[in-house]
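The values are calculated or read from the model by the stated rules, or taken from the named source; none is laboratory data. It should be emphasised that the depicted structure is a prediction, and the values quoted were computed from it without experimental measurement. Because the Cβ atoms are built from the backbone with ideal geometry, glycine has one as well, and the counts that use them run over all protein chains shown. For the accessible areas, the whole protein counts, side chains as well, though only heavy atoms, and no ligand, DNA or RNA atoms are used. Shrake-Rupley method; radii C 1.70, N 1.55, O 1.52, S 1.80 Å.
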Amino acid sequence: MTRIDDTFRRLRAEGKKAFVAYIMAGDPDLETSLAVMRGLPEAGVDIIELGMPFTDPMADGPTIQTAGQRALEGGQTLTRTLEMVRAFRAENAETPIVMMGYYNPIYARGVETFLAEATEAGIDGLIVVDLPPEEDAELCLPAQAAGLNFIRLATPTTDSRRLPKVLQNTSGFVYYVSITGITGAAAAQAADVAPEVARIKAATDLPVIVGFGITTPEAAQDLAGIADGCVVGSAIVKLVGEGRPVAEVLDRVAALAAGAHAA
Amino acid sequence: MAEDGINSYMTGPDEQGRFGIFGGRFVSETLMPLILDLEARYEHAKTDPDFWAEMDDLWKNYVGRPSPLYFAPRLTEHLGGAKIYLKRDELNHTGAHKINNVLGQIILARRMGKTRIIAETGAGQHGVATATVCAKFGLKCVVYMGAHDVERQAPNVFRMRLLGAEVVPVTSGRGTLKDAMNDALRDWVTNVRDTFYCIGTVAGPHPYPAMVRDFQSIIGREVRWQLAEQEEGRLPDTLVAAIGGGSNAMGLFHPFLDDPSVRIVGVEAGGKGVDDRMEHCASLTGGRPGVLHGNRTYLLQDADGQILEGFSISAGLDYPGIGPEHAWLHDTGRAEYVSITDAEALEAFQLCCALEGIIPALEPSHALAHVIKIAPTLPRDHIIVMNMCGRGDKDIFTVAKHLGFDMKI
């Protein structure tokens, strides 16, 4: 049982949908991103997705790309991202943290070392975009053995024949990518996404969270309503990129969270 | 061959798309079904005589294959050692080896019912080849090219536009080949239904490294029979080719991997020198294994796994990775890999012009610079075959700048 499982059990008991917020670690510097992160639970965030910056984020649109560049230019490293998690955990023992990013920085660290450090720091799950089920032996299976959830993306191109393979070795929740495309791109339409979410829910007992292309409280409500919750990333990261004060970023997060929770 | 317990170097990759630990399919889930479909369709096409009949016809009548295997007498005499043969792939239609592979992928794309082709390009040779074949077949073509490369390869940008392709300058990252590949992958993940991604080198997720190698292997297969004709049945003693991603080299090397007497040398771009300043593109000599663009291979990266920008006078070699099969051939020791600096390549470029009347591209100038180093040390009956994989017309502005020649008339 991980913090992620506990969170979904609590939300189910309360009859609420989950609101997941993505921020980029170290954007634009460690202090600012830690201040945002610390404010997320009070703003209504149920699960935090913490982006690990990478020079070549192939699945991300310009908003997340430039956020990663800002973080790297600000001196962010995997070591500092883990420090950030420890600092957050010193004050918050409940809110699940999912690290999201690409495989190479983890591979460079060494999978064993990384998993030991991540569990010690208080990470609950991993989303690694460029590790499909075909590469499960790399990180997915060792991560599950270390007690971390390995959360997989299902997409509009994941047909019914392939779905069981994607769901196998997945835990925590399933992240349904609502569009074909990169983060922060076209807007997702609840009517299009609903049958897809139903298809996935018919094949698994895991919660299904919808992400990509959600930018407003109204959209958050619509998309969370047809699933077990929703993720917002680029819309939050964009405000950080514009240099908005932490309080303003968190106000926007609170509005998005209220949207999802009203579903 | 019995070394390392490997019976053959020609059977890879395995079912997971691996050459040893290298290769694989490190892509997002959105692309995974597309890559599996591509693999199935390629496996089918590979054994279909109609597919190869179409290829052979176009290779002969559209590309101009076989390209000559030319004995370079004055270069040989000047260096005073080994006999030097040049595989003249710069004489292909569009002026480089790139079209060998593009034809194969576009014919496959047409069989798959795809109507829109995307490609990444560095020097612009792969972009020009893709734009050319798309024009021939009436397909929509979008080429991603780093903004920095758009600037240093202006003639090729104009060629692509003349051929009807849309050229998209990529400003993300530092605007070179690696960033162009990122944006091509972002396009593909967005336009999954109608789009075929035509990768220009032996890298990317499986099946691309194997597929591109298979299409480029026409180079080595021709060398085998051409040299046998010209040198009374002999095999080459040494093969030399330049490597960015490594497609022209893989095409020359692959048919000879199981001939133990053939020494195989890949030449990486040493830029300003392979040292701690990292102003080079020598992934094997100066990098370590990592995962990028769908495959595990040697990469230029920092201690934290962040990818570093390469540096080379040649836009076509300016890539921080290398094809996974080269990484494997390097680790098994079957092939050796060396590096050549910008300055050495520029000297070789000029020598080739002066002695053989051939203006080489900057990419094969790197290979030639290594030939210049080794030929004098080898006996006169030693045969070197070097792949002249592209012509230098596109590079004259760059070279003029480096030699201090004012091109303004």
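Could you please find all residues in segment B:273-287 being at pLDDT below 85 and open to solvent by less than 10 Å² (accessible area, probe 1.4 Å)? None; the set is empty. Exactly one residue among A:Leu239, A:Leu131, A:Leu126 is touching a helix residue (DSSP H, G or I) at 6+ places or on another chain (Cβ under 6 Å), more than 13 Å from chain B (Cβ to nearest Cβ), open to solvent by less than 40 Å² (accessible area, probe 1.4 Å) and not in a strand (DSSP E or B), and that residue is A:Leu239.
The residue that is surrounded by the fewest Cβ atoms within 10 Å (Cβ to Cβ), counting only those in segment A:1-37 that are among the polar types (S, T, N, Q) and farther than 13 Å from A:Gly125 by Cβ, is A:Thr32.
Quick one: would you say A:Ala224 is open to solvent by less than 50 Å² (accessible area, probe 1.4 Å), modelled with pLDDT under 95, in contact with a helix residue (DSSP H, G or I) (Cβ under 6 Å, 6 or more places away or on another chain) and within 26 Å of A:Ala255 (Cα to Cα)? Judged against the criteria, A:Ala224 is not a match. Residue-level analysis places B:Asp50 outside the set of residues that are within 14 Å of chain A (Cβ to nearest Cβ), open to solvent by 30 Å² or more (accessible area, probe 1.4 Å) and not in a loop (DSSP other than H, G, I, E, B).
From the list B:Gly310, B:Gly270, B:Gly316, the one residue that fits, being modelled with pLDDT under 95, assigned to a strand (DSSP E or B), surrounded by 22 or more Cβ atoms within 10 Å (Cβ to Cβ) and not assigned by TED's automatic domain parsing to the domain that holds B:Asp179, is B:Gly270. Which of the residues spanning segment B:196-250 are touching a Pro at 6+ places or on another chain (Cβ under 7 Å) and among the charged types (D, E, K, R)? B:Arg221, B:Glu222, B:Arg224 - these are the residues of segment B:196-250 that are touching a Pro at 6+ places or on another chain (Cβ under 7 Å) and among the charged types (D, E, K, R). Here A:Ala25 qualifies as within 14 Å of another protein chain (Cβ to nearest Cβ) and within 16 Å of A:Met100 (Cβ to Cβ). The residues of segment A:150-173 that are at negative phi, crowded, with 23+ Cβ neighbours inside 10 Å and more than 11 Å from every other protein chain (Cβ to nearest Cβ), listed by number, are A:Ile151, A:Phe173. Of the helices (runs of 4 or more DSSP H) lying entirely inside segment B:319-379, those containing at least 2 residues that are among the small types (Gly, Ala, Ser) span B:342-356, B:362-374. The set of residues in segment A:40-89 that are farther than 22 Å from A:Arg152 by Cα and of a type in the set (Asp, Glu) comprises A:Glu42, A:Glu73, A:Glu83. The conditions of being in contact with a strand residue (DSSP E or B) (Cβ under 6 Å, 6 or more places away or on another chain), within 17 Å of B:Ala184 (Cβ to Cβ) and not basic (Lys, Arg) are met by B:Ile117. The set of residues in segment A:140-149 being touching a Leu at 6+ places or on another chain (Cβ under 6 Å) and within 13 Å of chain B (Cβ to nearest Cβ) is empty. The residues listed here are B:Val240, B:Val291, B:Val267, B:Val223; of these, the one that is within 14 Å of another protein chain (Cβ to nearest Cβ) and β-branched (Val, Ile, Thr) is B:Val291.
So how many residues does segment B:190-229 have that are touching a strand residue (DSSP E or B) at 6+ places or on another chain (Cβ under 6 Å), open to solvent by 10 Å² or more (accessible area, probe 1.4 Å) and assigned by TED's automatic domain parsing to the domain that holds B:Gly246? Here the count works out to 1.
For (1) of a type in the set (Gly, Ala, Ser); (2) in contact with a helix residue (DSSP H, G or I) (Cβ under 6 Å, 6 or more places away or on another chain); (3) in a loop (DSSP other than H, G, I, E, B), each residue gets a yes or a no:
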residue: A:Ala186; (1), (2), (3): yes, no, yes
residue: A:Ala191; (1), (2), (3): yes, no, no
residue: A:Ala194; (1), (2), (3): yes, no, no
residue: A:Val197; (1), (2), (3): no, no, no
residue: A:Ile200; (1), (2), (3): no, no, no
residue: A:Ala203; (1), (2), (3): yes, yes, yes
residue: A:Val210; (1), (2), (3): no, yes, no
residue: A:Ala220; (1), (2), (3): yes, yes, no
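Checked against the criterion of being facing another protein chain (nearest Cβ under 9 Å) and over 18 Å from B:Cys198 (Cα atoms), segment B:149-171 has no qualifying residue.
Going through (1) over 20 Å from the mean Cα position of the chain (by Cα); (2) away from chain A (no Cβ under 14 Å); (3) modelled with pLDDT of 95 or more; (4) under 24 Å from B:His126 (Cβ atoms) one by one, B:Glu325 falls short only on (1). Criterion applied to A:Val98, A:Val111 was being among the aliphatic types (A, V, I, L, M) and within 13 Å of chain B (Cβ to nearest Cβ), and the one residue passing it is A:Val111. Scanning segment B:76-93 for residues being within 20 Å of B:Leu378 (Cα to Cα), of a type outside the set (D, E, K, R) and assigned to a helix (DSSP H, G or I) gives a total of 3. Screening B:Ala45 on (1) open to solvent by 10 Å² or more (accessible area, probe 1.4 Å); (2) away from chain A (no Cβ under 14 Å); (3) in a helix (DSSP H, G or I) shows it passes everything except condition (1). For segment A:96-122, filtered to residues that are aliphatic (A, V, I, L, M) and touching a Lys or Arg at 6+ places or on another chain (Cβ under 9 Å), the residue that is farthest from B:Arg288 (Cα to Cα) is A:Ile97. Restricting segment A:242-263 to residues that are on the phi < 0 side of the Ramachandran plot and outside any helix (DSSP H, G or I), the residue that is least open to solvent (accessible area, probe 1.4 Å) is A:Ala263.
No other residue among A:Ile64, A:Ile48 is more than 14 Å from chain B (Cβ to nearest Cβ), of a type in the set (A, V, I, L, M), open to solvent by less than 20 Å² (accessible area, probe 1.4 Å) and not in a loop (DSSP other than H, G, I, E, B) apart from A:Ile48. Quick check on segment B:14-31. Is at least one of its residues buried (at least 20 other Cβ atoms within 10 Å of the Cβ), away from chain A (no Cβ under 13 Å) and not in a strand (DSSP E or B)? No, segment B:14-31 contains no residue that is buried (at least 20 other Cβ atoms within 10 Å of the Cβ), away from chain A (no Cβ under 13 Å) and not in a strand (DSSP E or B). Applying the criterion of being closer than 25 Å to B:Gly17 by Cβ and touching a Pro at 6+ places or on another chain (Cβ under 7 Å) to the residues of segment B:288-305, the residue that is surrounded by the most Cβ atoms within 10 Å (Cβ to Cβ) is B:Thr297.
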